Amino acid sequence: MFQEKFISNESFDRKNKYKTNDQSCPKGTVAILRQRSETESLHLDTVDQFGHHFAAMDAFADESIYRGAQADISIHNLTLQNNKYSKSQIWLENGPPGELNSIQVGWAVHPRVYGDSATRLTIYWTGDGYKKTGCYNTECPGFIIITRKPSIGSIFKQSSVYGDKPVTFTPQVVQEFDYVDIYKQPAFQHPLLKHHKIPFAAMDAFADEKNGPPGELNSIQVGWAGFFGNWALTVDDEIIGYWPGELFTHLNKGASRVRFGGNTFISPDGISPPMGNGHDPIYDYERSSSFLHVKLTNDKYQSIEAETLMGVADSKCFKLMNRDYTNETGKSFSFGGRGGRCGF
């Protein structure tokens with residue numbers, strides 16, 4: 001899960017590429033972030049930890065594997081300079097370091113990618129330990145968008161205010177199973193289908209046209225919904241798209257490790273940016289950055305509370321606070337810090 005290293009004299013103008021857009025795409029089309037031909041793709045090519053700091057909770061599969069993960073992640077605004085970043089996200093991974101398969105989703109403040117210091121919905125993947133494959137968002141072929149709403153790379157409209165109730169969003173990544181038998185299960189009651197409109201092209205099903213146009217089905221009468229081991233991304237109950245299973249050599253078997261938490265990258269002067277909300281976590285949720293309702297999907301495709309997590313905080317600058325389970329917050333923890341000279 002190690003990230004890119006930056007060179008101090010690099011300059012990227014990406015502001016025009018990631019403009020905020022509240023409009024949906026015309027029917028029959030999807031949102032694709034346009035990559036300007038003169039800008040290089042942001043492939044990650046480092047396999048060491050130099051300059052990276054984590055404050056996170058890890059879940060390791062013992063004898064089985066995980067098929068997905070989700071959490072309510074508090075959203076925060078940070079001000080960063082170029083060649084730094086700060087992220088709060090979920091990692092799903094499998095494979096040895098040199099062949100690491102990794103899917104990442106959350107929010108990031110990343111001036112090098114976006115050209116500004118806004119907090120944006122950000123995804124990433126690699127299929128070979130950050131060597132030749134993988135990229136942010138849709139910078140390279142890989143993640144397939146199926147929604148008409150241009151959300152990947154977009155600025156969050158709201159963020160948490162210190163001392164007020166936290167503003168959260170809920171990303172979920174689930175490895176799709178082979179088939180959903182619609183005869184045996186009411187339409188859209190399955191967690192991958194409930195509350196969603198499924199693109200007709202992604203399905204092998206028979207439908208009554210009175211229930212919706214061919215491009216979008218509001219209900220399924222008979223047949224099968226076909227899924228083929230892809231990793232689907234849902235944000236706040238909206239299916240955004242998926243990573244095809246063929247991108248991966250190890251994640252196609254499931255995730256052996258899931259990580260929830262924060263990650264920062266230092267500037268060349270050795271100063272780390274803030275993480276989370278930029279404050280050390282305390283007991284008060286309204287003054288902490290947090291992951292709430294942290295859940296895993298087990299090998300039986302059951303959503304379970306992430307009860308056993310191992311904390312990882314590799315710097316004096318950033319802290320973790322594990323919290324007791326409550327009905328209001330589920331399994332949760334808080335994390336973050338101000339950054340500074342945190343070491344390497």
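The numbers here are math on the coordinates, done by the rules we state, and not lab data. Quick caveat: nothing in here was measured; it's all calculated off a predicted structure. Neighbour counts run over all protein chains shown; Cβ positions are idealised from the backbone, glycine included.
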Checklist outcome for this item: Scoring only Lys, Arg, Asp and Glu (+1, +1, -1, -1) among other residues with Cβ under 12 Å from the Cβ of Lys295 yields -1
Checklist entry - Measuring from label point to label point, each 7 Å out along Cα→Cβ, what is the Glu307 to Tyr162 span in nm? => result 3.7 nm
Next on the checklist: If you take every residue apart from Asn94 with its C-beta less than 11 Å away from the C-beta of Asn94, what net charge results, scoring Lys and Arg +1 and Asp and Glu -1?
Outcome noted: 0
Next on the checklist: Once you keep just the Cα pairs under 8 angstrom separated by 6 or more residues, what percentage relative contact order results for region 101-146?
Outcome noted: 32 percent
Next on the checklist: Below 8 Å, C-alpha to C-alpha, sequence gap of six or more: please give me the relative contact order for region 77-132 in percent.
Outcome noted: 38 percent
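What is the local net charge at Tyr283, summed over the other residues whose Cβ is closer than 13 Å to its Cβ (Lys, Arg +1; Asp, Glu -1)? Please report the intermediate quantities before stating the final value.
Working: positive: Arg287, Lys319, Arg323; negative: Asp280, Asp284, Glu286, Asp324.
Every neighbour counted, the sum reads -1.
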